Amino acid sequence: METAFDLMEGLLEDATVQQWVHHVESCSNCSAELDGWRQFKLALERKHLSNAPQAMLASAFNLFEIPAKPARSNSIRQLIATLTFDSFTQPAFAGARGQSATRQVVLRAEEFDIHVRIWVNNDRRELLGQVQPRGSKDFIESAKLHLLHNGERVSSADVNELGEFHFTFVPDGFLSLQIDLPNLTVIGALDVTDSN
């Protein structure tokens, strides 16, 4: 097939062309095959064929286009905070002050401690806390906190210049405290069923 196209395109040397012309004149099979390839070449060169409209080509290309993933300049790590202290499960030390109905909880995640105090005020549960970096005197000044109940966000708060936060509405039950820091999200579990 390649030789037949080279012959039709005039790409062969004169001596080779003479050999093929002589062979084709004497071989009916090769003559018929060469005529078939000539017809095929002519069909491909028809002038009435035109390109598909640009809109149709774009639509066809879109069918196979793989959507680009959004570029992420930096990834956000996620950590689970562990409970290191709960005043309701650990006995008070001798000489401890404070109301017994106030619950103190400490959560820890890598270089952060989250101190939480939960109490009831006029039949409404509140939560006050502070995000404290360990090994640093600087406070966390930019963080957004969320209380989650059954995976749904029920309340949000920002930290102040001392890393403190306050929730005035805390539902009963098993909650999660989510802390969104730059490049880091910390999630800790809170059980407030017995904190009143």
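The values are calculated or read from the model by the stated rules, or taken from the named source; none is laboratory data. Nothing here was measured: the structure is a model prediction, and the numbers come from that model. Neighbour counts are summed over all protein chains in view; Cβ atoms, including those assigned to glycine, are modelled from backbone coordinates with ideal geometry.
Here are some notes:
- Qualifying positions in the range 159-184 - crowded, with 16+ Cβ neighbours inside 10 Å and in contact (Cβ under 8 Å) with a residue 40 or more places away in the chain: 167, 170, 177, 179, 181, 184
- Residue match in the range 104-115 (condition: surrounded by fewer than 10 Cβ atoms within 10 Å (Cβ to Cβ), in the same structural domain as residue 137 (by TED's automatic domain parsing) and either at pLDDT below 85 or not acidic (Asp, Glu) (or both)): no
- Residue 128 vs. criteria modelled with pLDDT of 90 or more and either among the β-branched types (Val, Ile, Thr) or surrounded by 12 or more Cβ atoms within 10 Å (Cβ to Cβ) (or both): yes
- Residues that are at pLDDT below 70 and within 30 Å of residue 118 (Cβ to Cβ) number at least 3 in none of the helices (runs of 4 or more DSSP H) confined to the range 1-91.
- Residues of the range 115-151 that are under 16 Å from residue 192 (Cα atoms), within 27 Å of the chain's Cα centre (by Cα) and part of a strand (DSSP E or B): 146, 147, 148, 149.
- Just one of the listed residues (145, 190) is of a type in the set (A, V, I, L, M, F, W, C), at pLDDT 90 or above and either crowded, with 18+ Cβ neighbours inside 10 Å or touching a helix residue (DSSP H, G or I) at 6+ places or on another chain (Cβ under 7 Å) (or both), and it is 145.
- Single residue of 169, 165 found to be outside any loop (DSSP other than H, G, I, E, B), aromatic (Phe, Trp, Tyr) and assigned by TED's automatic domain parsing to the domain that holds residue 120: 165
- Qualifying residues in the range 172-185 (those that are under 20 Å from residue 103 (Cβ atoms) and not in a loop (DSSP other than H, G, I, E, B)) - the one farthest from the chain's Cα centre (by Cα): 174
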